[in-house]
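*Asks:* For reference, the structure I am asking about is given below.
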Amino acid sequence: MRFPATDLAVDLPCVMGIVNVTPDSFSDGGLHADTDSAVAHGLLLASEGAAILDVGGESTRPGSEPVPVADELARVVPVIERLAAGAPAAISVDTTKAAVARAALDAGATIVNDVTSLRGDPDMAALVAERGCPVCLMHMLGEPRTMQVDPRYDDVVGEVVVFLEERMAAALSAGVRETQILLDPGIGFGKTLEHNLLLLAHLDRIAALGRPVVLGASRKRFIGALLGAEPRQRETGTVVTTVLGLARGAAVVRVHDVRSNAEALRVAQAVIEAGEAGRARGARGAGAAGTAGAAHRANVAGRAHEESAP
Ligand code: PMM
């Protein structure tokens, strides 16, 4: 599968492993809240196949409250310093605050993952433009505190596409280059079960915007609703979103369970590439057959001409 040109220093498709340095994220809150365990977890995810480690210090789960900048800095900067020095992976910082993004980039992060799409902090767009780093622009309806209170759309896929087009245009007009931009439909951010399923089913329409698509479905509530499962029991459901997402053009899957998703990605990618190679051979074959067919028709026409000659 061919993905759009990007400033990411990793091959696509790839796995982005989640390193939440938070006491309250919905599926792994508190597990890696101190620096040592967050670093150990990041190293483990890199060894399991994560090409990117997404380090976040503020939970965005539904109903969560903003975290003061000093707390977020204290959570993420020491983790990023150590992972940037020791992990064989690129580091992204999951933050909405320009001060945190700046400190994270100084500490060795090379990607900004901003769930507000550069709307949360007036300094973020200029920072990303100045540093020239890849940035993920994600769709969210409202804000984490209230986003799951009766979210409504007339056409969820169309509205997410228009939103991402607008955010991309805003980023470009702030001086961000197109090759810096990644797009994300924001699974679970102001969406019902049906909204999430429609976005997954039509992910190709986001990919058609021409930028690599990040898919963050890992362990999310809609999988729990379908399976009646707690967050830690949603690994298989997540793997299915990875495979279906890849088939619809996802370039980066942001997941908690790296090993299973990385394996699924490799196998699914091999199947997709074999199908594409087969189709390309078929097209060349059809081309050759078309030429042969034309030659045959010409010969027949020629003979017909000869035979009808006096
Ligand atoms: N989801 C969460 C946090 N950050 N970033 C992107 N780009 N896409 C997502 O879907 C996304 C995100 C919430 O999940 P978590 O609490 O498990 O990290």
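The values are calculated or read from the model by the stated rules, or taken from the named source; none is laboratory data. Bear in mind that the values here come from a model prediction, so they are computed numbers and not experimental data. Reconstructed Cβ throughout: ideal geometry from the backbone, glycine too, with neighbour counts over all protein chains shown.
*Asks:* Which of (1) crowded, with 24+ Cβ neighbours inside 10 Å; (2) at pLDDT 95 or above is the odd one out, the single condition ASN20 does not satisfy?
*Replies:* Every condition holds for ASN20 apart from (2).
*Asks:* If I ask for residues that are in contact (Cβ under 8 Å) with a residue 40 or more places away in the chain, more than 16 Å from GLY132 (Cβ to Cβ) and over 16 Å from the mean Cα position of the chain (by Cα), which ones from the stretch 168-186 would you list?
*Replies:* Once the filter is applied, which keeps residues that are in contact (Cβ under 8 Å) with a residue 40 or more places away in the chain, more than 16 Å from GLY132 (Cβ to Cβ) and over 16 Å from the mean Cα position of the chain (by Cα), the stretch 168-186 yields only ALA170.
*Asks:* Same structure again: Across the stretch 130-159, what is the total count of residues that are touching a helix residue (DSSP H, G or I) at 6+ places or on another chain (Cβ under 7 Å) and either without any contact (Cβ under 8 Å) to a residue 40 or more places away in the chain or basic (Lys, Arg) (or both)?
*Replies:* So in the stretch 130-159, the residues touching a helix residue (DSSP H, G or I) at 6+ places or on another chain (Cβ under 7 Å) come out as 131-135, 137, 139, 151, 153, 156-157.
In the following step, the residues that additionally are either without any contact (Cβ under 8 Å) to a residue 40 or more places away in the chain or basic (Lys, Arg) (or both) were identified as 131.
Within the stretch 130-159, residues that are touching a helix residue (DSSP H, G or I) at 6+ places or on another chain (Cβ under 7 Å) and either without any contact (Cβ under 8 Å) to a residue 40 or more places away in the chain or basic (Lys, Arg) (or both) number 1.
*Asks:* Which condition number in (1) outside any helix (DSSP H, G or I); (2) surrounded by 20 or more Cβ atoms within 10 Å (Cβ to Cβ) is the one that ALA262 fails?
*Replies:* Here ALA262 meets the rest and fails (1).
*Asks:* Considering the stretch 225-245 alone, what residues qualify as being touching a residue at least 40 places away in the same chain (Cβ under 8 Å) and in a loop (DSSP other than H, G, I, E, B)?
*Replies:* ARG234
*Asks:* Could you count how many residues in the stretch 249-259 are surrounded by fewer than 18 Cβ atoms within 10 Å (Cβ to Cβ) and without any contact (Cβ under 8 Å) to a residue 60 or more places away in the chain?
*Replies:* From the stretch 249-259, those surrounded by fewer than 18 Cβ atoms within 10 Å (Cβ to Cβ) are 259; that's our starting set.
Filter once more, keeping what is without any contact (Cβ under 8 Å) to a residue 60 or more places away in the chain: none.
The number of residues fulfilling the criteria is 0.
*Asks:* Among the candidates GLU48, GLU58, single out the residue that is in contact with a helix residue (DSSP H, G or I) (Cβ under 8 Å, 6 or more places away or on another chain), away from the ligand (no atom under 16 Å from the Cβ) and acidic (Asp, Glu). So that I can check it myself, show each step before the final result.
*Replies:* On the way: GLU58 fails: away from the ligand (no atom under 16 Å from the Cβ).
Sole residue among the options that is in contact with a helix residue (DSSP H, G or I) (Cβ under 8 Å, 6 or more places away or on another chain), away from the ligand (no atom under 16 Å from the Cβ) and acidic (Asp, Glu): GLU48.
*Asks:* While we're on this one: Given the conditions (1) modelled with pLDDT of 95 or more; (2) within 30 Å of LEU226 (Cα to Cα); (3) acidic (Asp, Glu), and given that GLU143 satisfies all but one, which numbered condition is not satisfied?
*Replies:* GLU143 satisfies every listed condition except (1).
*Asks:* Tell me the residue from PHE189, PHE222 that is touching a residue at least 60 places away in the same chain (Cβ under 8 Å) and within 12 Å of the ligand (Cβ to nearest atom), please.
*Replies:* On the way: PHE222 fails: touching a residue at least 60 places away in the same chain (Cβ under 8 Å).
One residue alone meets the criteria, PHE189.
*Asks:* Do we have any residue at all in the stretch 205-219 that's among the charged types (D, E, K, R), closer than 20 Å to GLU143 by Cβ and near the ligand (Cβ under 10 Å from one of its atoms)? Even if it seems obvious, please write down each step before you answer.
*Replies:* As a first pass, look at the stretch 205-219 and keep what is among the charged types (D, E, K, R): 205, 211, 219.
Cutting the leftovers down to closer than 20 Å to GLU143 by Cβ gives us none.
Checked the stretch 205-219: no residue is among the charged types (D, E, K, R), closer than 20 Å to GLU143 by Cβ and near the ligand (Cβ under 10 Å from one of its atoms).
*Asks:* Quick one: in the stretch 100-121, of everything that is more than 14 Å from the ligand (Cβ to nearest atom) and of a type in the set (Asp, Glu), which residue is nearest to VAL214 (Cα to Cα)?
*Replies:* ASP121
*Asks:* It is to be established whether one or more residues within the stretch 252-259 are closer than 26 Å to GLU48 by Cα, in a loop (DSSP other than H, G, I, E, B) and in contact with a Lys or Arg (Cβ under 6 Å, 6 or more places away or on another chain). Steps first, answer last, please.
*Replies:* Looking only at the stretch 252-259, we keep the residues that are closer than 26 Å to GLU48 by Cα, and these are 252-259.
Checking which are in a loop (DSSP other than H, G, I, E, B) leaves us with 256-257.
Add one more test, that the residue is in contact with a Lys or Arg (Cβ under 6 Å, 6 or more places away or on another chain), and what stays is 256.
Yes, the stretch 252-259 has at least one match.
*Asks:* Among the residues of the stretch 143-162, write down those that are closer than 21 Å to MET16 by Cβ and assigned to a loop (DSSP other than H, G, I, E, B).
*Replies:* To start, the set of residues in the stretch 143-162 that are closer than 21 Å to MET16 by Cβ comprises 144, 160.
The one that is closer than 21 Å to MET16 by Cβ and assigned to a loop (DSSP other than H, G, I, E, B): PRO144.
*Asks:* Considering only helices (runs of 4 or more DSSP H) fully contained in the stretch 23-142, which possess at least 2 residues that are under 28 Å from SER260 (Cα atoms) and basic (Lys, Arg)? Talk me through it step by step, then tell me what you get.
*Replies:* Values: elements: 35-47, 69-86, 98-106, 124-131.
Where helices (runs of 4 or more DSSP H) fall fully within the stretch 23-142 and carry at least 2 residues being under 28 Å from SER260 (Cα atoms) and basic (Lys, Arg), they are 69-86.
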